[in-house]
Every structure is written in structure tokens, then in C-alpha cells.
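*Asks:* Can you keep this structure in mind? I'll have questions shortly.
The values are calculated or read from the model by the stated rules, or taken from the named source; none is laboratory data. Being a predicted model, the structure only gives us computed values, none of them experimental. Cβ placement follows ideal geometry from the backbone for every residue including glycine, while neighbour counts extend to all protein chains displayed. Ligands, DNA and RNA are stripped out before the accessible areas are found, and what is left, the full protein with its side chains, is counted by its heavy atoms. Shrake-Rupley method; radii C 1.70, N 1.55, O 1.52, S 1.80 Å.
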Amino acid sequence: MQTIFLGLGRLSHASDILRSPLLQALADRYRVVVLSTHLDNTTAEKERFLAHQHISYVKIKETNERFFGYSNRYFRLSLIHRYDSWLLTRHWYYRKNHPLIIRLTMQFGKILPRQIFDAELFTKLETFFAKKSPALEALIQKEKPVAMVTATPGYTTLEAELIIVARRHRIPSIAIDINYDNAYSQAKFVRRTDYISVWNNRMKKEIGDAHGYAESHIRAVGCLRFDHYANDQKRKLLSREEFLVSKGLNPKKPLVVYVGPSPITYPPRGTFAKGFIELKEQHLLKPDPNILIRLHPHDVWEPYEPFTNIPEVRIERAGKQRVKDQLTKGQKVEMDDEDLVNLTETLRYADVVINYVSTMIIEACIFDKPVISVGYPSELAIANDYEFNKAL
């Protein structure tokens, strides 16, 4: 039986891929070695990931974490200007208050040939300069994988390293879990894989146009992370009354769900929550609704602590906390089956969903729920005009 490597750079990728039927389907045909920075066989069993004779979980540390971090920040973001003439997300980035060295490299990047200094050029440079990973090299020699499957085309340091290693060994690479906005929002971080799967034909065209994928190497296969919504409908879900009571909310009142944004994209998210809850306490929201605040996977608990004991207000994390709040700026939670069902019930029983330009716009539409996208303060309202948000 042939072996494939499956690389996961974020906790959300474990939720999307390892909790889905895809992993079982892969194990029916291949030996699957799951590579991540946090899962080994013991941890995978404890966290109830799929146990299968053809699946092994290998915890691996990036050899080039700092290298790829510097490459992203000081070279890719500053020197790649290919997308500037048509990509609004880049214009917003350039207006931010960056350190002097970043501002200088940005100015230098403007005089470089845009068609040459693109993501693919930097991927080739990374392939040449990145250090070899002894652990990964030994694993390749032992397992002899026929494919390197990653969640994204190199948006995380682990996935970037795996794609670079695959290039060196001429192992075919495949990205399978990109988001609807990634052709734009992650444009500068692409380490182009040999193949890539996307949600739909619109994304297929965008990925091809922006990143040079041949049409025959792109597959429109649907959205992997949305599959659970259809599967959850086959379960015995809580009734609306049971769901609201389980959250300590009033089943006789409407439910407003505020899907919290990430701290980086919307820093005043705590201030917004405070103001919204104060409107409720002052009886200015009609009819007086329940409020359920769902934290972004990157968010910390501290901004919401003052609101935890207010009647008819519920604040909760999106999943099980795997990383302490103070340890990282990245994702803190991973969603298991119970958390995925909770999300299904949350959207099913919401009367309105409030968010700041997130994929929850699409997910709320699956349940035919009205959506309000936050449009202030004015300097952050520009995100509603980003290419991928205007298309929704």
C-alpha cells in the first residue's frame, strides 16, 4: 500500500480534515502519515481522532520556522507588488503603521519588476536556502511517500516547509483546504503546490489567474469544512428550547449571535461587544434578545470577562482550548464533533448573525439567516469592500 503525507499547520485544519469523512476515505486507499506540530498517536487517541491501522500521527517541529517567518514579513509582504494594481487588501496593508525597516523595504519593492518578483520567485529562493530537516528527511526515506498533501499552499510555516521538501524530492504536492478569500488575502504567501482543490468555479478562476496554476491542476470539489452541516442534520439535534436553555438563555426571546472577529483584523472587538451588551441592558434593542458571543479561534478570553455573568448573555469559545491564551497569537481552539454540532445548532436557531467580514456570512446563508457585517470604525469598514467580501 502506498503512503501519503498529510500536513496540517493549524488547529482548524484538524477540525476540517481529521474530523471529516475524508480521512477515512484516504485510509481506505493509502497509508496516511499525519504530520502536525501538536499530534502524536497518543494525543490523537486522547482527542478522539480517527484510529485506523493505516493512519499514524507524527508530531514534528519546523526546522525553518524563523526562516519562513522572516521570509513572509520582510521579503514577501514588502517586496511582492504584483497584486497592487488590482488588490484592495494590499492597499490597506500599506497604509498601516509599520516599523521603519518594513516601510523602507516596501518602497524598495516598488521599483522591482512586478512580474518577476512574485510568490513563485520567493518559493524558489526558499527552496534553495531553507535548511534540511533531519527528522523529515529520515521520515521520507523510511516511508517513501507518493504525495505530500497539505491543508493550504504554504500559508503556515509547517506547510511551507513540507511543500519545499516535496519540491526537493520531486514528490507531488496537493493543497486541499484553502478558504474562499485565500486567492487574495494570502496571495503573497503562496508556495505553489502541484495541484490544488477549491470550493467552486469562481475560486478556480481566481487561483489560476492570480497564482499560475494550470486549469487541469485545479479541482472545484466543494467546501470540506461545510460538510459537517449536512452530516449534522442527520443527527438528533437539540430543539430550539433545549439549545437555549443549555446556554442559560431565555427560550421565549430571539437569539442574536455575534461571531467575534480575530484580534488582528478587528482590534476593537471587545469594545463592540461591550457597546452591544450595554444597548441590551438599557433596553434599546427591540425586541429584547438573547446575545450569544462566539469567540474567534484566535481570540483570548480577557476582553469578554466583564460580560460573563449578565443575564441572557452567553459567551463561549468556538471549541476545545488546546493552547493557552498568553502563549501564541495563533489559534487557541480545535473543534471536535461536539463543537461542530454546537455550531450547527447555533446557526440553526440564530435569528440574526452579526460578524466582521468572515466566512460566517456564507455559513449563516446555509441556514437562511440574515447577516449584519460590522462597518465601523470607518478605517476598518474598508474590509467590506475587499474583493472577496464584495463577491458574497
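*Asks:* For segment 289-303, check the following and say yes or no: at least one residue is open to solvent by 70 Å² or more (accessible area, probe 1.4 Å), of a type outside the set (G, A, S) and touching a strand residue (DSSP E or B) at 6+ places or on another chain (Cβ under 9 Å). Lay out the reasoning, then the answer.
*Replies:* Step one: list which residues in segment 289-303 are open to solvent by 70 Å² or more (accessible area, probe 1.4 Å), which gives 302.
From what is left, the residues that are of a type outside the set (G, A, S) are 302.
Narrowing the set further to residues that are touching a strand residue (DSSP E or B) at 6+ places or on another chain (Cβ under 9 Å) leaves none.
Checking segment 289-303: not a single residue is open to solvent by 70 Å² or more (accessible area, probe 1.4 Å), of a type outside the set (G, A, S) and touching a strand residue (DSSP E or B) at 6+ places or on another chain (Cβ under 9 Å).
*Asks:* Pick from Y93, Y83: which is modelled with pLDDT under 90, of a type outside the set (S, T, N, Q) and assigned to a helix (DSSP H, G or I)?
*Replies:* Y93
*Asks:* Same structure again: Determine whether R73 is more than 24 Å from G330 (Cβ to Cβ), at pLDDT below 95, within 25 Å of the chain's Cα centre (by Cα) and open to solvent by 50 Å² or more (accessible area, probe 1.4 Å).
*Replies:* When the stated conditions are applied, R73 does not pass them.
*Asks:* A follow-up question, please. Mind listing just one residue for me: the one in segment 369-384 that is in contact with a helix residue (DSSP H, G or I) (Cβ under 8 Å, 6 or more places away or on another chain) and not polar (S, T, N, Q) and, of those, farthest from L347 (Cα to Cα)?
*Replies:* I382
*Asks:* Here's a follow-up. Restricting the search to segment 319-377, which residues are out of contact with any Pro (no Cβ under 8 Å at 6 or more places or on another chain) and of a type in the set (G, A, S)?
*Replies:* The answer is G330, A350, S373, G375.
*Asks:* Could we say that R168 is open to solvent by 10 Å² or more (accessible area, probe 1.4 Å), over 22 Å from L77 (Cα atoms) and basic (K, R) here? Spell out how you get there, then give the answer.
*Replies:* Details: open to solvent by 10 Å² or more (accessible area, probe 1.4 Å): yes; over 22 Å from L77 (Cα atoms): yes; basic (K, R): yes.
Yes; evaluated as a whole, the condition is true for this residue.
*Asks:* Can you tell me how many residues within segment 112-130 are farther than 30 Å from C223 by Cβ and either in contact with an Asp or Glu (Cβ under 9 Å, 6 or more places away or on another chain) or part of a loop (DSSP other than H, G, I, E, B) (or both)? Full working, then the answer.
*Replies:* Residues of segment 112-130 that are farther than 30 Å from C223 by Cβ, as a first pass: 112-117, 121, 124-125, 127-130.
Narrowing further to those that are either in contact with an Asp or Glu (Cβ under 9 Å, 6 or more places away or on another chain) or part of a loop (DSSP other than H, G, I, E, B) (or both): 112-117, 130.
Of the residues in that region, 7 qualify.
*Asks:* Filtering segment 193-219 down to residues that are at pLDDT 95 or above and assigned to a loop (DSSP other than H, G, I, E, B), which residue is least open to solvent (accessible area, probe 1.4 Å)?
*Replies:* T193
*Asks:* Oh, and also: So the check is Cβ under 8 Å with 6+ separation or different chains; which pairs have a first residue in segment 222-238 that's part of a loop (DSSP other than H, G, I, E, B) and a second one that's among the hydroxyl-bearing types (S, T, Y) and buried (at least 16 other Cβ atoms within 10 Å of the Cβ)?
*Replies:* Close Cβ pairs (under 8 Å, with a partner that is among the hydroxyl-bearing types (S, T, Y) and buried (at least 16 other Cβ atoms within 10 Å of the Cβ)) amount to C223/Y180; Q233/T344; L237/T344.
*Asks:* Something else: Can you give me the number of residues within segment 131-157 that are part of a loop (DSSP other than H, G, I, E, B) and open to solvent by 10 Å² or more (accessible area, probe 1.4 Å)? Write out each step before concluding.
*Replies:* First pass over segment 131-157, keeping only residues part of a loop (DSSP other than H, G, I, E, B): 131-133, 144-146, 151-156.
Cutting the leftovers down to open to solvent by 10 Å² or more (accessible area, probe 1.4 Å) gives us 131-132, 144-146, 155-156.
Residues flagged as part of a loop (DSSP other than H, G, I, E, B) and open to solvent by 10 Å² or more (accessible area, probe 1.4 Å) within segment 131-157 amount to 7.
*Asks:* Does segment 259-274 include one or more residues that are open to solvent by 70 Å² or more (accessible area, probe 1.4 Å), in a helix (DSSP H, G or I) and either at pLDDT 95 or above or not polar (S, T, N, Q) (or both)?
*Replies:* Yes, because at least one residue in segment 259-274 is open to solvent by 70 Å² or more (accessible area, probe 1.4 Å), in a helix (DSSP H, G or I) and either at pLDDT 95 or above or not polar (S, T, N, Q) (or both).
*Asks:* Tell me the residue from E316, E338 that is at pLDDT 90 or above and within 25 Å of T271 (Cβ to Cβ), please.
*Replies:* Being at pLDDT 90 or above and within 25 Å of T271 (Cβ to Cβ) holds for just one of E316, E338, which is E316.
*Asks:* Sticking with this one: Can you tell me which of A183, A160 is open to solvent by less than 30 Å² (accessible area, probe 1.4 Å), modelled with pLDDT of 95 or more, under 18 Å from N72 (Cα atoms) and assigned to a helix (DSSP H, G or I)?
*Replies:* It is A160.
*Asks:* If you don't mind, there's one more thing I want to ask. Considering each residue of segment 98-113, count those that are open to solvent by 60 Å² or more (accessible area, probe 1.4 Å) and either more than 28 Å from the chain's Cα centre (by Cα) or within 30 Å of G7 (Cα to Cα) (or both), and give that number.
*Replies:* Adding up the residues that qualify gives 8.
*Asks:* For the subset of segment 76-85 comprising residues that are of a type outside the set (D, E, K, R) and over 16 Å from R103 (Cβ atoms), which member is nearest to the chain's Cα centre (by Cα)?
*Replies:* Among those that are of a type outside the set (D, E, K, R) and over 16 Å from R103 (Cβ atoms), it is Y83.
*Asks:* May I pose another question? Any residue in segment 195-206 that's closer than 16 Å to A175 by Cβ: show its pairings with residues that are part of a helix (DSSP H, G or I) and open to solvent by 30 Å² or more (accessible area, probe 1.4 Å) at Cβ separation under 6 Å, as long as the two are six or more apart or on different chains.
*Replies:* From segment 195-206, the pairs are Y195/H217; V198/K204.
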